[in-house]
Amino acid sequence: MEGLTQAENRELEQRLQKRQVKEFMSMFNTMVDGCFVPCVDDFTSKALSGRETGCLTRCVAKNFAATGRLSERFAEQSAAMQQAQGQGR
Amino acid sequence: MEGLTQAENRELEQRLQKRQVKEFMSMFNTMVDGCFVPCVDDFTSKALSGRETGCLTRCVAKNFAATGRLSERFAEQSAAMQQAQGQGR
Amino acid sequence: MEGLTQAENRELEQRLQKRQVKEFMSMFNTMVDGCFVPCVDDFTSKALSGRETGCLTRCVAKNFAATGRLSERFAEQSAAMQQAQGQGR
Amino acid sequence: MSFFGMGRQQPTSAEKIAAVEQEMKLMASMHNRMIQMCTKKCLPTDYREGDLNKGESVCLDRCAAKFFEAHTVVSTALEKESQNRGGPAAGGGFGFGG
Amino acid sequence: MSFFGMGRQQPTSAEKIAAVEQEMKLMASMHNRMIQMCTKKCLPTDYREGDLNKGESVCLDRCAAKFFEAHTVVSTALEKESQNRGGPAAGGGFGFGG
Amino acid sequence: MSFFGMGRQQPTSAEKIAAVEQEMKLMASMHNRMIQMCTKKCLPTDYREGDLNKGESVCLDRCAAKFFEAHTVVSTALEKESQNRGGPAAGGGFGFGG
């Protein structure tokens, strides 16, 4: 990380940890909202139906897998992008 | 609040106040956007029509009531959740 | 800016600059997302088609023009609003 | 500038800066939301041309005016509701439509 | 309060305040998202009347209960997925559904 | 790292950390938005199965590639517009597609 001192790196690391907690909570919230919308639609009862619970569970599983796959692609693409920028300069 | 000193509590209270202003502004903005979308659709004039103004007013009234009702449910549910967690431990 | 000292104005200016960078990035991101959704829909290939690229380019041009026009209206309206508030008091 | 409560006698530098900054955030948010709302209302999503045509331009102008007016209507309505039922805003105005 | 890692022995004031504040942000976000979700699910958008009618009120109550329950279901499902495939959450709970 | 303006000679620690942090926020935002966009484009919302099938996986891969490419196209287009009409970005690049 281009010429940061040790103290600066430590400070940075702490912020990164905070960022990760935040990212993680945001991922969790996105998952709840993104699965609640398509899966929960029946308000004749106040408890989730078996169908709704199943839909939520499958929705989480599929979105979790999709997030993992997209994260891999993201890592590859941004590595390629940085390399291309390095050559461009 | 589990073992905070008085000074810590004061600092916390100040942040809470800032948070409340923020929450309130965010609620106001959500209300404007959420009512503008369904109520304002006629761009043959630059002034709101009577129908649009009426729709906005009823939209605010209904969403205000809904927010109040949901906040009560939220308070009940989170109290129940905390109690359940307390027993689980 | 009602009675700020020079030092306060300097501090404020620095924050404004940070805000502008943030605003600008947010505008860029909104543009990407807002144009990606309507323009990119064909996932039979991993490269953008000519049609998609053209759509993205026109989408940016039109939204850029719209943003400029709306910003002018915004400046006029908020000036009028402040004047009206000044008279109201 | 009224409602970010500078109730005490002598606001500190940090408080004054925070108040001005808050006001600017407010305007920036309104600006961004107006752009989001009005481009959605006025621009068709097929993007066959890159230029704003006459109809779209007029629509944007009217939408901007209506968005401001809607703030006033919502502010007034919210104040009325708060007074009736004693909601979070019972104390005062909303900075718009005053 | 468990997972905002006060792993070390003596948290500083700043850390304690940050932890409480974080907990509150979490609840505020959940509150706001519940309102957004459930008003969308339960209120028709024609706004012919300004009062909540019976059907809408009951729908809101049930939606609130289901939103909480959905947090638990999602939390459990996400934990299971993380353990299976070693995702970001492999280490522990999600603060819900514990 | 170019455009977060370290114009002055010796950036302080706080400035250096802020610049790195800013770069990370940027990447995190792009990551999150890509996930949001591409899951919406590629996953049907009936959730009859919990596994990604072949078609969905391929769609996600292609969507990710197109999302990156779209950043470059938008960046180039925005730069062109800014130069033509003298917008906010008249001065320089957008950190993408350079």
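The values are calculated or read from the model by the stated rules, or taken from the named source; none is laboratory data. Treat the numbers as computed from the prediction; the structure is a model and nothing was measured. Neighbour counts run over all protein chains shown; Cβ positions are idealised from the backbone, glycine included.
Laid out as a table, the results:
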read-out	value
Filtered residues of segment F:43-55 (kept if out of contact with any Pro (no Cβ under 8 Å at 6 or more places or on another chain) and either farther than 20 Å from E:ARG85 by Cα or of a type outside the set (Gly, Ala, Ser) (or both))	F:LEU43, F:PRO44, F:ARG48, F:GLU49, F:ASP51, F:LEU52, F:ASN53, F:LYS54, F:GLY55
First in segment D:19-36 and within 7 Å of another protein chain (Cβ to nearest Cβ), second anywhere and outside any helix (DSSP H, G or I) and surrounded by fewer than 15 Cβ atoms within 10 Å (Cβ to Cβ), Cβ under 7 Å, 6 or more apart	D:VAL20/C:MET1
Residue tally, condition among the small types (Gly, Ala, Ser) and at pLDDT below 95, over segment C:55-89	6
Check on F:LYS41, touching a Cys at 6+ places or on another chain (Cβ under 8 Å), of a type in the set (Lys, Arg) and modelled with pLDDT of 95 or more	yes
Residue satisfying all of: in segment A:67-80; facing another protein chain (nearest Cβ under 7 Å) and hydrophobic (A, V, I, L, M, F, W, C); nearest to F:GLY50 (Cα to Cα) among these	A:LEU70
Complete set of residues in segment F:37-47 that are surrounded by fewer than 17 Cβ atoms within 10 Å (Cβ to Cβ) and either within 7 Å of chain A (Cβ to nearest Cβ) or under 16 Å from the mean Cα position of the chain (by Cα) (or both)	F:THR45
Unique match (being more than 7 Å from chain E (Cβ to nearest Cβ), in a loop (DSSP other than H, G, I, E, B), among the basic types (Lys, Arg) and out of contact with any strand residue (DSSP E or B) (no Cβ under 8 Å at 6 or more places or on another chain)) among B:LYS22, B:LYS46	B:LYS46
Positions within segment A:26-36 being aliphatic (A, V, I, L, M) and more than 7 Å from every other protein chain (Cβ to nearest Cβ), in sequence order	A:MET27
Yes/no for C:GLU52 being touching a residue at least 12 places away in the same chain (Cβ under 8 Å), over 14 Å from D:ILE35 (Cα atoms) and more than 10 Å from chain D (Cβ to nearest Cβ)	yes
Qualifying residues in segment A:38-68 (those that are in contact with a Ser or Thr (Cβ under 8 Å, 6 or more places away or on another chain) and surrounded by fewer than 19 Cβ atoms within 10 Å (Cβ to Cβ)) - the one farthest from E:SER57 (Cα to Cα)	A:PRO38
Positions within segment A:29-65 being closer than 15 Å to F:THR45 by Cβ and among the charged types (D, E, K, R), in sequence order	A:ASP33, A:ASP41, A:ARG51, A:GLU52, A:ARG58, A:LYS62
Of the criteria (1) at the interface with chain D (Cβ under 7 Å from one of its Cβ atoms); (2) farther than 28 Å from F:GLN22 by Cβ; (3) not aliphatic (A, V, I, L, M), which one C:CYS59 fails	(2)
Subset of segment F:63-79 that is farther than 12 Å from C:VAL40 by Cβ and among the aliphatic types (A, V, I, L, M) - its residue that is surrounded by the fewest Cβ atoms within 10 Å (Cβ to Cβ)	F:ALA77
